[in-house]
1. With all protein chains present and a 1.4 Å probe, how do MET1, MET39 order by accessible area, largest first?
2. For ARG109, tell me the accessible area in Å² from a 1.4 Å probe, rounded to the nearest 10.
3. Taking 0.36 nm per intervening residue step and subtracting the Cα-Cα distance, what contour gain separates VAL105 from ILE82 on full extension?
4. Could you compute the net charge surrounding PRO50? Neighbours are other residues with a C-beta less than 14 Å from the C-beta of PRO50; K and R count +1, D and E count -1.
5. For VAL9, what is the net charge nearby, where nearby means another residue's Cβ is under 11 Å from its Cβ and Lys, Arg count +1, Asp, Glu -1?
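The values are calculated or read from the model by the stated rules, or taken from the named source; none is laboratory data. Bear in mind that the values here come from a model prediction, so they are computed numbers and not experimental data. Quick reminder, even Gly has a Cβ in these numbers, built from the backbone with ideal geometry, and neighbours come from all protein chains shown. For accessibility, only protein heavy atoms count, side chains too; no ligands or nucleic acids. Shrake-Rupley method; radii C 1.70, N 1.55, O 1.52, S 1.80 Å.
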Amino acid sequence: MDYVGGYTVIHDVSARDWQLEKNGNQWLLGKTVDSYAPMGPYLVTPSSLPDPHNLPIRCRVSGETLQNSNTDQLIFRVDYLISYLSQFVTLQPGDVIATGTPPGVGCFRSPQRWLVPGDVVECEIEGIGTLVNPVVEPIYKPGCSGIPRHLASSSSSQSKRGKVH
């Protein structure tokens, strides 16, 4: 895979209310909120990462491990994603392709686990690094319409879900 410039960690944050309730199940808006795709802390070259398809991958929220898997469990390998996407999109040097996330996502847990201000999210891929982000403010801002059903019963719903920084 000589065409890969490097590997990094991306925190794949999602506004599930926008994906599952507000937007006709179109997922794009739920992935494009400001601050919803932090990356880093390093870009690791392919030569220093012998097998990107066999690395432990974890996500911790405020010290609790919620996702614990391996990149060998990803649905699609990096080379396949590049080949597939290049049929539809002209890929350029510097383009970033996120490969997905392991099982354990908060909205699919029972009980559900939502990010709230004060949480600290750590996304880690061994051999690449750990990306640490605090959740610092609610995602709802003046002018935004609607409150997700899972928050509607709370009188302080504005502070229930958070923006990652």
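1. On the way: MET1 75, MET39 100 Å².
Solvent-accessible surface, decreasing: MET39, MET1.
2. 80
3. On the way: separation 23, 0.36 × 23 = 8.28 nm, distance 2.47 nm.
That works out to 5.8 nm of additional length.
4. -3
5. -3
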